[in-house]
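Report on one structure; see the data block that follows.
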Amino acid sequence: MIPRIYIPGDSGALALGAEKVAKAVRAELAERGIEAKIVRNGSRGAYFLEPMVEVATANGRVAYGPVKPSDVKSLFDCGFLTGGHHKRWLGAPDKTPFLAKQTRLTFARCGVTDPLSLDHYKAHGGLNGLQNAVAMTPADIVKQVTESGLRGRGGAGFPTGIKWKTVLDTSADRKYIVCNADEGDSGTFADRMIMEGDPFVLIEGMAIAGIATGATKGFIYIRSEYPHAVAVMQKAVEIARRAGVLGVNVLGSPNSFDMEVRVGAGAYVCGEETALLDSLEGKRGQVRAKPPLPAHKGLFGKPTVINNVISLASVPVIMDKGAAFYKDFGMGRSRGTIPIQIAGNVKYAGLYEAAFGMTLGEIVDDIGGGTATGRPVKAVQVGGPLGAYFPRALFDTPFDYEAFAAKDGLIGHAGIVVFDDSADMLKQARFAMEFCAIESCGKCTPCRIGSTRGVEVLDRLAENIEPEKQIALVTDLCNTMKFGSLCALGGFTPYPVMSALNHFPDDFRPTPVAEAAE
Ligand SMILES: Cc1cc2nc3c(=O)[nH]c(=O)nc-3n(C[C@H](O)[C@H](O)[C@H](O)COP(=O)(O)O)c2cc1C
Ligand code: SF4
């Protein structure tokens with residue numbers, strides 16, 4: 001059997017030099033006259049080890065990383081094609097500490113299989129969920145998803161089964177499934193990783209959603225900054241269509257479902273579901289007032305399920321292994337697993353899929369290994385640019401929707417960004433207001449005008465102009481934005497601002513110039 005070498009083609013790994021490594025491996029194979037198959041797999045998510053090169057040996061896969069092009073010659077000299085020892089040797093990839101302790105349900109195949117091999121997908125449990133779904137009634141599929149406890153992973157945590165039931169119960173001549181792959185939150189990359197590393201799981205999840213609700217057409221709305229994900233998804237849709245996974249008779253059943261990939265033009269607000277629908281319809285992405293809900297009147301006025309990539313990609317394992325299996329993981333009303341994306345100033349950055357319930361401290365200190373700079377952790381922003389900053393005093397908060405809400409925070413899309421003690425939280429609060437001002441769709445006044453006024457107030461505070469007055473003003477302004485905005489962009493910007501102010505008050509009272517000079 002010819003040797004099989006896995007070199008990630010995932011954009012995170014490419015950014016870290018995977019293409020140069022692949023080129024060096026190809027050149028070395030040619031020079032040594034060795035025939036081998038190079039598979040461009042997805043990343044397993046341990047980005048601090050990327051580019052992580054793996055070889056299939058008689059004793060299973062052996063990983064090496066992070067591999068530099070200059071390591072390649074010596075890797076061959078050390079016999080890496082049979083798992084030989086080398087300074088970059090990591091052993092079995094799924095036994096490395098970062099990966100060994102994870103519970104991989106949604107990401108079970110990511111980094112393991114060839115992303116565009118449907119045979120590989122099937123050999124690793126792919127299509128079992130869809131196979132079960134085509135033999136069930138739509139109502140039973142919806143019941144299964146509802147009972148699993150799956151909640152939307154895009155940010156709001158809304159129960160997926162209830163959303164699907166609303167669309168199922170709404171009669172119309174046409175219904176749609178829209179996958180939200182806009183992934184605009186800072187520090188998040190789970191959607192991208194699954195689209196590049198295991199695209200068929202998303203296709204399978206969307207097909208199940210279609211069959212469950214009576215929708216026959218799906219759209220995946222991908223942000224333009226994800227060209228690799230767009231390319232992989234387009235190829236995967238083609239392959240699935242040719243294999244009869246999509247089309248008029250899904251897996252030979254009477255169900256029809258097909259889909260297309262659409263690329264956004266680049267606006268954070270187009271991740272908001274109704275702005276996304278406007279954008280898909282070819283209009284400028286602006287938030288729609290609700291009601292009507294998209295489940296009643298969504299894309300082109302038809303009942304529409306809009307779900308995040310991870311919500312949809314989690315459905316196949318639920319339909320394969322059952323609602324009870326999935327529900328068994330997690331805590332409280334947060335069931336199943338969540339792919340936590342650890343980023344920012346952190347030693348071990350990457351994607352960590354685990355059951356809900358780990359504390360923030362465990363994630364930052366034990367899994368993330370603390371800061372990359374080695375300085376003390378000052379704050380962690382959880383849930384993207386609209387998420388709150390958590391100080392170390394709140395590190396005992398378990399990763400659970402309700403527990404985070406009780407601490408005036410949110411889980412969002414489960415991205416966490418770590419900051420060390422050199423971070424200036426007043427600057428971070430200003431950044432939140434500025435981000436809102438830039439990204440606001442302009443439809444409502446508290447967000448459109450409030451965010452600009454917020455920047456001005458925080459600038460005056462930084463200049464130490466009547467600080468107490470500015471703090472009272474920004475607090476009042478945040479209250480207006482929180483309760484008066486039409487969507488969560490204006491409504492949640494107060495979370496990073498007020499959490500920074502409440503947890504790090506010293507940063508909001510700059511030392512007077514004269515005092516600092518003493
Ligand atoms: C400003 C803003 C940006 C958003 N961006 C995203 C995004 O990039 N991806 C996403 O899935 N949801 C995003 N959402 C949430 C969506 O509006 C919606 O709740 C989600 O797509 C529903 O899918 P889910 O139930 O599977 O989470 C955003 C919301 C707001 C207010
Ligand atoms: S809160 Fe901001 S983004 Fe949302 S509708 Fe209002 S102006 Fe648009």
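What follows is calculated from the coordinates using simple rules that are stated; it is not laboratory data. As the structure is a computational prediction, the values presented were derived from the model and not from experiment. With ideal geometry, Cβ positions are generated from the backbone for all residues, glycine too; neighbour counts draw on all protein chains shown.
In terms of other Cβ atoms within 10 Å, MET498, MET259 run from fewest to most in the order MET498, MET259.
Listed values for segment 204-216 are Karplus-derived 3J(HN,Hα) couplings in whole Hz (6.51 cos²θ - 1.76 cosθ + 1.60, θ = phi - 60°), namely 4, x, 5, 5, 5, 4, x, 5, 5, 10, x, 8, 10, and x replaces Gly and Pro.
Report the far tail of the P(r) of segment 305-384, meaning the percent of Cα-Cα pairs longer than 21 Å. Of the Cα pairs, 39 percent sit more than 21 Å apart. Panel order for PHE390, PHE431, by other beta carbons found within 10 Å of each beta carbon, from fewest to most: PHE431, PHE390. Modelled spin-label separation between GLU281 and SER171, with each label point placed 7 Å from Cα along the Cα-to-Cβ direction: 2.4 nm.
Once backbone amide H atoms are built at 1.01 Å from N, GLY415 has GLN341, GLY383, GLY384 as its partners under 5 Å, excluding neighbours fewer than 5 places away on the same chain. Take the Cα of ASP140, step 7 Å toward its Cβ, do the same at LYS68, and the gap between the two points is 5.8 nm. Working note: Karplus 6.51/-1.76/1.60 with θ = phi - 60° gives segment 464-480 the couplings 6, 8, 6, x, 4, 5, 5, 5, 5, 5, 5, 5, 5, 4, 4, 4, 5 Hz, where Gly and Pro are set to x.
Modelled label-to-label distance, ASP408 and ILE438, 7 Å Cα→beta-carbon offset: nm? About 2.6 nm separates the two model spin labels.
Restrict the search to segment 247-323; then list the GluC sites (Glu not before Pro) that DSSP places in a loop and that have at most 13 other Cβ atoms within 10 Å of their Cβ.
The qualifying sites are GLU281.
Counting only DSSP beta bridges with both residues in the chain, the antiparallel share comes to about 55 percent. Potential lengthening of the chain between LYS23 and ALA100 amounts to 24.7 nm, from the contour at 0.36 nm per residue minus the alpha-carbon distance.
Could you work out the local net charge near SER334, counting Lys and Arg as +1, Asp and Glu as -1, over the other residues with Cβ closer than 12 Å to its Cβ? Within the 12 Å Cβ shell, the charges total +3.
In percent, how large is the relative contact order of the chain, given Cα pairs closer than 8 Å and 6 or more residues apart?
13
Ordering CYS441, CYS110 from the fewest to the most neighbouring beta carbons within 10 Å gives CYS441, CYS110. The calculated 222 nm mean residue ellipticity attributable to helices in the chain amounts to -11000 deg cm²/dmol, summing -39500 (n - 2.57) over DSSP H runs of n ≥ 4 and dividing by all residues. Using C-alpha pairs under 8 Å with a sequence gap of at least 6, the mean separation divided by the residue count of segment 461-511 gives a relative contact order of 41 percent. When you filter the GluC sites (Glu not before Pro) in segment 19-104 for DSSP loop state and at most 14 other Cβ atoms inside 10 Å of their Cβ, you are left with GLU35.
Positive contributions from Lys and Arg (+1) and negative ones from Asp and Glu (-1), summed over other residues with Cβ under 11 Å from the Cβ of SER74, come out at +1.
3J(HN,Hα) couplings calculated from phi for segment 310-315 with the Karplus curve 6.51 cos²θ - 1.76 cosθ + 1.60 (θ = phi - 60°) are, in sequence order, 5, 4, 5, 6, 8, 5 Hz; Gly and Pro show x.
Enumerate by residue number the trypsin sites (Lys or Arg not before Pro) in segment 74-180 meeting two conditions: DSSP loop (anything except H, G, I, E, B), and at most 15 other Cβ atoms within 10 Å of the site's Cβ. Here the trypsin sites (Lys or Arg not before Pro) that fit, given the DSSP loop and packing criteria, are LYS87, LYS101, ARG174. Take every Cα pair under 8 Å in segment 1-132 that's 6+ residues apart, average their separations, divide by the length, and report that relative contact order as a whole percent. Across segment 1-132, relative contact order equals 25 percent.
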